[in-house]
Amino acid sequence: MSDTQSRDDASQNMDESVTEQTHFGFKQVDKSQKASLVANVFDSVAAKYDVMNDLMSFGVHRLWKRYTIDCAGVRAGHRVLDIAGGTGDLTAKFSRLVGPTGSVTLADINLSMLKVGRDKLRDQGLVSNIDYVQADAEALPFPDNSFDVVTMAFGLRNVTEKQNALNSIYRVLKPGGRLLVLEFSKPASEHLSKIYDMYSFHILPRMGQMVASDAESYRYLAESIRMHPDQETLKGMFEQAGFEQCDYSNLTGGIVALHRGYKF
Amino acid sequence: MPAASLFTATAETLLNRLIALDEDSAQRLVPLAGKRLSVFIEQLPVGITLVFSTRIDVLAEPHSFEDVCVHQDGESCFIKTSLDVLPSLTQTSQITRLIRADKLQLQGELSIAQQTAALFQQLDIDWEEQLARYTGDVPAHEAFASAQKFRQQFAAFGRRLQAGLGNALTEEKDIAVSKLAVMHFNDEVDALRDDVQRFEARLSLLEKNQ
Ligand SMILES: C[S@@+](CC[C@H](N)C(=O)[O-])C[C@H]1O[C@@H](n2cnc3c(N)ncnc32)[C@H](O)[C@@H]1O
């Protein structure tokens, strides 16, 4: 990436650029602190991450990810970037879909998550076409026009300057490539919203405490979901980054949404 | 969404478990590695794509048959048909007729469809051994002896029925079936029903004895 490009990315950010504060869950923190606070969360949950995912979502996160993979249109020979890929659920499937002529890059800012991911994928016999890269979504260390498909599952809400991340992804996508962002969103019905609030603020942290001895991280999870832009706002941010034909599908009543955009 | 995802997730688990039961499947998967078979069935809301590697990944197709067919890369095969036509696809002799009758659309590499059919047809699973893991050897053997007999009789019945129907169609005989034939058919159905009842009674007995 050129220096000018990264400065452009930074200057285009829309996320609270006037103040030096940002949110970390419901707390206000210094912008410079957020990345390391997020890093602590994922250092702390890495080992129990997969179990907790299944438990917290009753296994439904697998279906959300499956839908993302169906919509990704990944084919043999493609180059795929799974940013904030964590323990590599999407990467595992992509690795088989792109075959030996393609490649998948599993990128994450957090080394602990990457290590858990790498060990898991190696155990599944997936080695030859996967690269592991420690990278910040806001400043991706890849040349322009590198990837056919970029996916980001449950990662964007942790990023300090989300617009920077979208700009950076746009840059590394090849023309004709697409971005898919799977993220918690805003439930479509009030009723569902209430049940969901109760679940995430009262039950989730206790489950986190019981299984991973870590209520705090799971409280952060619930809070960070509420602070994340809703469906229409995120779609606007896609457009702001230059993506075209942007749309989204609500999954499980809008608890999660899959946003899509193309670079032409 | 989750309905289709749940369906493909279940199908994927089942298919991979099934092929894992026959050690030779791994070998039969080798020529299919990197290939795709997309199947669109009229009665299903989405098409399904099987992607082969050392295992089978099952994807739901968000696009239509016509859109998916654009990817003619020599590594893919696309089929569109309806549920009732599926069983006839195992008979290669039927395929041209079905295409002419607009009941089947086939695009891309036909050999992929054939190799996939072979993968499943050639599955040689020792069900008796699989069942014995749960029930012990003797009950498993008993159950399988009954099942085997039932299956043979069912297959014989099917063959006779097919032959009868085949003749009626190819020779364009009078479609009205003779009274004698109807009686004969009824007899066979009765015999088959008795077999099923016997088999069921046998199974319940085995279950009780466990
Ligand atoms: C909830 S996990 C999701 C992991 C995986 N994609 C999944 O769906 O299971 C969020 C991941 O985002 C990563 N992450 C947070 N901030 C990031 C950033 N700025 N750049 C890249 N990855 C980031 C975290 O380290 C963590 O692994």
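The values are calculated or read from the model by the stated rules, or taken from the named source; none is laboratory data. The structure presented is a predicted model; accordingly, all values stated were derived computationally and were not measured. Using ideal geometry, Cβ is built from the backbone for each residue, glycine included, and neighbour counts are taken over all protein chains shown.
Looking across region A:98-130 at every residue that is within 15 Å of the ligand (Cβ to nearest atom) and among the charged types (D, E, K, R), the one that is farthest from B:SER53 (Cα to Cα) is identified as A:ASP108.
Among the criteria (1) more than 13 Å from chain A (Cβ to nearest Cβ); (2) surrounded by fewer than 19 Cβ atoms within 10 Å (Cβ to Cβ), the one B:VAL39 does not fulfil is (2). Determine, yes or no, whether A:THR68 is among the hydroxyl-bearing types (Ser, Thr, Tyr), touching a residue at least 40 places away in the same chain (Cβ under 8 Å) and in contact with an Asp or Glu (Cβ under 9 Å, 6 or more places away or on another chain). Spelling it out, it is not the case that A:THR68 is among the hydroxyl-bearing types (Ser, Thr, Tyr), touching a residue at least 40 places away in the same chain (Cβ under 8 Å) and in contact with an Asp or Glu (Cβ under 9 Å, 6 or more places away or on another chain).
Considering every residue within region A:71-82, establish whether at least one is crowded, with 19+ Cβ neighbours inside 10 Å, outside any loop (DSSP other than H, G, I, E, B), among the charged types (D, E, K, R) and in contact (Cβ under 8 Å) with a residue 60 or more places away in the chain. So far as region A:71-82 goes, yes, one or more of its residues are crowded, with 19+ Cβ neighbours inside 10 Å, outside any loop (DSSP other than H, G, I, E, B), among the charged types (D, E, K, R) and in contact (Cβ under 8 Å) with a residue 60 or more places away in the chain. Condition check: of a type in the set (S, T, N, Q), surrounded by fewer than 16 Cβ atoms within 10 Å (Cβ to Cβ) and either within 14 Å of chain A (Cβ to nearest Cβ) or closer than 21 Å to A:CYS71 by Cα (or both). Does B:GLN114 satisfy that? No; evaluated as a whole, the condition is false for this residue. Is it the case that some residue within region A:157-164 is within 14 Å of chain B (Cβ to nearest Cβ) and within 11 Å of the ligand (Cβ to nearest atom)? Checking region A:157-164: not a single residue is within 14 Å of chain B (Cβ to nearest Cβ) and within 11 Å of the ligand (Cβ to nearest atom).
Answer with yes or no whether A:ARG178 is touching a residue at least 24 places away in the same chain (Cβ under 8 Å) and assigned to a helix (DSSP H, G or I). Criteria not met by A:ARG178.
Exactly one residue out of A:THR87, A:THR91, A:THR151, A:THR68 is in a loop (DSSP other than H, G, I, E, B) and either of a type outside the set (Asp, Glu) or within 12 Å of the ligand (Cβ to nearest atom) (or both), and it is A:THR87. The residue that is farthest from the ligand (Cβ to nearest atom), among those in region A:42-65 that are within 14 Å of chain B (Cβ to nearest Cβ) and over 23 Å from A:ILE109 (Cβ atoms), is A:PHE58. Of the set (1) of a type outside the set (Ser, Thr, Tyr); (2) at pLDDT below 95; (3) more than 11 Å from the ligand (Cβ to nearest atom), all apply to A:VAL80 but (2).
Would region A:34-41 turn up any residue that is at pLDDT 85 or above, more than 14 Å from every other protein chain (Cβ to nearest Cβ) and not in a helix (DSSP H, G or I)? Scanning region A:34-41, I find no residue that is at pLDDT 85 or above, more than 14 Å from every other protein chain (Cβ to nearest Cβ) and not in a helix (DSSP H, G or I), so the answer is no. If the condition is being within 13 Å of chain B (Cβ to nearest Cβ), farther than 18 Å from A:PRO175 by Cα and out of contact with any Asp or Glu (no Cβ under 7 Å at 6 or more places or on another chain), then region A:75-96 contributes A:ASP89, A:ALA92, A:SER95.
The C-beta contact set for region B:5-27 (first residue within 11 Å of chain A (Cβ to nearest Cβ), second residue in a loop (DSSP other than H, G, I, E, B) and surrounded by fewer than 15 Cβ atoms within 10 Å (Cβ to Cβ), distance under 9 angstrom, 6+ apart or interchain) comprises B:PHE7/B:LEU44. Only one of A:GLY176, A:GLY208 is within 14 Å of chain B (Cβ to nearest Cβ) and over 18 Å from the mean Cα position of the chain (by Cα). Can you tell me which? From the options A:GLY176, A:GLY208, the qualifying one is A:GLY176.
Cβ contacts < 6 Å: first residue on the phi < 0 side of the Ramachandran plot, restricted to region A:104-121; second residue more than 8 Å from the ligand (Cβ to nearest atom) and of a type in the set (S, T, N, Q), any location; separation 6+ or different chain. Result? Filtered contacts from region A:104-121: A:VAL104/A:THR91; A:VAL104/A:SER95; A:LEU106/A:THR91; A:LEU111/A:GLN134. For region A:104-148, the set of residues classified as within 14 Å of chain B (Cβ to nearest Cβ) and in a strand (DSSP E or B) consists of A:VAL104, A:ILE130, A:ASP148, listed by residue number.
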